[in-house]
Amino acid sequence: MLGPHTVTVIHPAGRDRWGDTVAGGTETAVSGCFWQPVSSSEQQIAADTVDVVARLFMPAAVDVRATDRIRFEGRTYAVEGRPALHHTPAGPHHYELELRDVEG
């Protein structure tokens, strides 16, 4: 176990011809994760926009992809980049993901 948090991994069903996510994907609860807030910034140019960045450590056995979304404490975050699998001499240990949520 990496931490006390439980997150939901949302696998999209696919994408339509415009690149938008198609409804009907699957959701999987994953316990033993560690959630770490990284930054939160606000821009007030044309409209109030809040950009939140977080880091998530997940067990290595989890099926997580760059196209997934992660739900934690009622908010849904996009996975930024490819999930990084970290190893120890004994084998795979955990994934590290950077997550982003833009509101507004």
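Identify, by number, the condition in (1) in a loop (DSSP other than H, G, I, E, B); (2) at pLDDT 95 or above that residue 17 doesn't meet. Unmet condition: (2). Is it true that residue 34 is in contact (Cβ under 8 Å) with a residue 40 or more places away in the chain and under 13 Å from the mean Cα position of the chain (by Cα)? In short, no.
Pull up region 20-67, narrow it to residues that are assigned to a strand (DSSP E or B) and of a type in the set (Asp, Glu), then point me to the one that is modelled with the lowest pLDDT. Among those that are assigned to a strand (DSSP E or B) and of a type in the set (Asp, Glu), it is 42. The residues of region 84-101 that are within 16 Å of the chain's Cα centre (by Cα) and surrounded by fewer than 18 Cβ atoms within 10 Å (Cβ to Cβ), listed by number, are 84, 85, 96, 98, 100, 101.
The values are calculated or read from the model by the stated rules, or taken from the named source; none is laboratory data. Source: prediction; values computed, not measured. In this analysis, Cβ positions are derived from the backbone assuming ideal geometry, glycine residues included, and neighbour counts consider all displayed protein chains.
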